[in-house]
Structure formats: C-alpha cells, structure tokens
Amino acid sequence: MKKINYLILAALTAMSLGCSHAHDHDGLGHDHNHSHSHAAHEHEHEGHDHEHDGEHDHDHEGDEHGASGKHSDEITLEPEQAERLGVGVTTIEPQSFSGVIPVTGRIMPTTGSESVVTSPSSGVVRFNRSITQGSRVGVGTQIATVSGAAVAGGDAMEAARLDLEAAKRELDRITPLHESGIVSTRDYNATLAAYESARNAAGASASAKSAGSSASARTAGVITSLLVKEGDYVEAGAPIATVSSNERLTLRADLPLRYNSRAARVVGANIRPAYSDSVIPLSALGGKVISPSLTSSDDRPGYIPVYFTLGNNGAMVAGSYADVYLILSENRQAVIVPVGAVSEQQGEHFVYVRLDEECYEKRPVTLGDTDGMNVEILNGVNPGEDVVTAGMIFVKLAESSGAVPEGHSHSH
C-alpha cells in the first residue's frame with residue numbers, strides 16, 4: 001500500500017512540474033492543482049530571489065543616476081539630425097570679458113554732411129527701381145519721378161488747362177462777329193493767336209504731366225532715409241529723401257551720471273539699432289570713441305553724452321535710436337556664451353548642455369552682464385561642459401517632443 005501511495009505522489013509531482021513549465025512558457029495551466037514538492041518549491045523560491053536581486057540592482061542603478069542628476073530631463077537628438085540641423089556645441093572655459101554698461105543712444109549725421117532731395121512739382125512719387133535706403137548715388141542721379149497724371153485738380157499745371165478753355169470760349173464768341181463784320185480782322189487774328197498759344201502751352205503741360213518731373217540728388221553719397229513712401233502725393237518742394245555726402249556718422253550714447261567715474265574707461269561699443277535685431281560692434285564700422293564730456297547734457301539732465309564716430313555702411317539710419325553696450329577697459333575672467341544660446345521661459349533662463357553624442361540636458365542658469373553679443377553665466381554651467389551655442393531652437397523642439405534616448409529610460 002505504501003508503494004502505491006508513493007507512486008501516486010510521484011505522478012502528482014510530475015504533473016505539478018509539467019503544469020509549472022507550461023505556465024512559464026505558454027501562460028496555460030491556471031486551472032491545475034499547484035501543489036508542489038519541496039524540491040520544486042525550493043527551485044521557485046530560488047528563482048524569486050534571483051528576480052528580486054536583479055530588480056533591486058536595477059533600481060539601485062537608477063537611484064544613482066537620479067542622485068547625480070546626470071540623466072534627469074534628458075533630451076535626445078541623434079548626431080546625424082544635429083549635424084543636419086546645424087546644432088553645434090562649445091566647450092565652456094573661463095575667458096576674458098570686458099566690463100559693460102548698457103545705455104540708450106542715437107545715430108546722428110555729421111554736421112553739414114546731409115542734403116535733401118525735394119520734389120520739383122506736385123504729384124505722386126514713383127521711386128526708381130534701384131533706389132533704396134543705403135543706395136549710393138552720384139550728383140544728378142534720378143531718385144524718383146513725380147507725376148500729376150493721376151491727380152484730379154490742385155495741380156500747378158491746371159492753370160494751363162484753364163487758360164486754354166478761356167481762350168477757346170473767346171474765340172468761339174468772336175468768330176461769328178468777325179464773319180458779320182462787327183469785329184475787325186486784326187482783333188480776330190489776335191484772339192486766334194491767343195488761343196493757339198494757350199493750346200500749345202496746354203499740350204506741353206499735358207505731356208510733362210504725363211511723363212512726370214524728375215527729383216535728383218544734388219550731392220554724391222549714400223541715401224540715409226526715404227522720407228515718403230511709393231505712391232504718396234507730395235507738394236512741390238516737399239522733401240523726398242536725404243543723402244549723406246559724408247561716409248561717417250556720429251553715435252551719441254547717454255551714460256547715466258552715476259557712472260561718471262567710469263566714463264573715462266569707455267573704449268568701444270556694440271550697437272543694436274531700434275529697427276534691427278542685429279548687434280554690430282562699432283569696431284567693424286571703423287568706430288572710435290571721442291573723449292566724453294564730464295558734465296551732464298542740457299537736453300538730458302542726469303546723463304553724460306559719450307560720442308563715437310563710425311562708418312556709414314548704408315544700413316545705419318541717421319536720426320534713429322539704438323541700444324548701446326558701452327565696452328570698458330575693465331577685464332575679468334568669466335564663463336560666457338552667445339546670447340542666442342540662452343532660452344528664456346516664463347522669466348527664467350536656460351541653456352542646453354550636451355551629455356553625450358545624442359543626449360542633452362536643459363540647465364537653469366543665472367545671467368550676469370551682456371555686451372549684446374555674449375552673456376555672462378554666473379552659475380548653472382561648469383567649465384569643461386559642452387553647451388549648445390548653435391541651433392539651440394532645434395534642441396528645444398526635441399525637448400518638447402518628450403523623446404528619451406534608448407537605454408536611458410528610468411521608468412520602473
């Protein structure tokens with residue numbers, strides 16, 4: 001009997017093991033009896049321990065990454081994509097950075113260097129196709145034509161038309177009187193001559209009106225401003241454009257009086273005209289500083305005017321305002337990045353740091369001084385790190401996609 005019981009127990013154990021195997025591979029056998037032998041239970045427990053150990057190690061590894069922060073908020077961008085989109089990085093190292101004072105300023109023409117092109121008659125302005133702000137012109141270059149052809153009345157040539165109508169009415173009145181002998185031939189011929197003269201004058205006026213009159217430059221130089229728009233109506237003598245005969249301009253920067261002690265240290269400037277997003281170093285325009293006044297200006301109390309001379313490259317508009325970054329002779333070591341490498345979001349500033357070939361991290365930073373072209377990073381980036389300095393917008397778009405590099409996922 002004991003032998004039979006032993007055989008039954010062995011058969012049940014074999015069935016149990018077979019069920020467990022089927023469950024592991026096919027997901028079947030849930031309705032079987034899962035009574036196991038002591039050996040099978042030990043094997044299953046051992047597997048559980050192994051699985052637990054693996055899971056524990058993985059979690060621990062993830063915790064280490066989280067603690068270092070190296071892989072938090074990663075952004076993925078394949079190297080091939082980065083190259084195609086023009087994404088570039090610069091290894092950040094401390095370098096010399098000049099002291100900067102941001103102020104406002106104004107671009108002004110050099111005294112006596114500008115002439116004004118005026119309209120020779122009343123009418124509609126049509127600029128020559130080659131004429132734009134910044135164009136170089138010579139003496140006598142036609143800037144525009146002014147035509148009264150489309151103007152109904154109010155034209156200076158209207159008088160010729162009215163004279164013709166009056167002469168025609170007089171001729172029509174006197175012709176039958178001459179035929180009746182009431183008016184002498186001499187008076188008739190005088191009236192006829194007056195009519196012919198008025199008709200010729202009106203014809204010449206009509207021709208001139210149709211062709212338009214020419215507005216030309218009186219001096220050679222660069223067109224610094226167009227004072228009217230294409231198609232505008234102007235009166236005779238109205239200014240149309242200005243031409244600067246001097247290729248030098250003057251920049252006036254208004255330095256707040258509290259910086260009086262540093263005024264003598266101004267050695268240069270970067271300028272961003274109000275009509276442009278580009279910052280131009282005055283050194284690129286041959287600019288140089290003129291000794292600043294040490295007294296407050298009359299028209300802007302509380303400010304010291306600092307003057308520069310600069311070349312007129314045709315892109316500078318005399319009379320326009322600008323943001324001016326005064327460069328001082330003071331120098332210090334600083335971590336700097338191009339202004340375009342910084343992203344501003346909800347009042348906070350960020351840069352993107354490349355962690356490896358395809359991984360980037362969004363890093364909050366604190367900014368210091370800026371010269372309009374570069375900005376100082378006070379904290380948030382360490383020397384030796386690779387910061388995205390070109391194509392930052394594409395890394396920002398990759399961030400919005402929520403992509404995570406393969407092998408760096410920390411979801412457990």
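The values are calculated or read from the model by the stated rules, or taken from the named source; none is laboratory data. Please read these numbers as outputs of a predicted model, since none were measured by experiment. Neighbour counts run over all protein chains shown; Cβ positions are idealised from the backbone, glycine included.
Values as computed for the structure displayed
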| read-out | value |
| --- | --- |
| Segment 224-241 residues that are assigned by TED's automatic domain parsing to the domain that holds SER214, paired with ones that are among the charged types (D, E, K, R) (beta carbon under 8 Å, 6 or more apart) | THR224/GLU114; GLU230/ARG126; GLY231/ARG126 |
| Within segment 295-311, tally of residues that are part of a loop (DSSP other than H, G, I, E, B) and at pLDDT 75 or above | 3 |
| Enumeration of residues in segment 204-235 that are closer than 15 Å to ILE143 by Cα and at pLDDT 85 or above | SER214, ALA215, SER216, ALA217, LEU226, LEU227, VAL228, LYS229, GLU230, GLY231, ASP232, VAL234 |
| Unmet requirement for GLU330, which otherwise passes all of (1) in a loop (DSSP other than H, G, I, E, B); (2) surrounded by fewer than 16 Cβ atoms within 10 Å (Cβ to Cβ) | (1) |
| Members of segment 381-393 found to be surrounded by fewer than 17 Cβ atoms within 10 Å (Cβ to Cβ) and assigned to a loop (DSSP other than H, G, I, E, B), listed by number | ASN382, PRO383, GLY384 |
| Residue ID - nearest to ARG272 (Cα to Cα), chosen from residues in segment 346-378 that are touching a residue at least 12 places away in the same chain (Cβ under 8 Å) and outside any strand (DSSP E or B) | GLY372 |
| Unmet criterion (only one of (1) in contact (Cβ under 8 Å) with a residue 24 or more places away in the chain; (2) outside any loop (DSSP other than H, G, I, E, B); (3) within 30 Å of SER115 (Cα to Cα); (4) among the hydroxyl-bearing types (Ser, Thr, Tyr)) for SER276 | (2) |
| Single residue of segment 244-266 satisfying the filter (under 30 Å from GLY221 (Cα atoms) and crowded, with 17+ Cβ neighbours inside 10 Å) that is farthest from the chain's Cα centre (by Cα) | SER245 |
| TYR321 being within 21 Å of the chain's Cα centre (by Cα) and at pLDDT 95 or above | no |
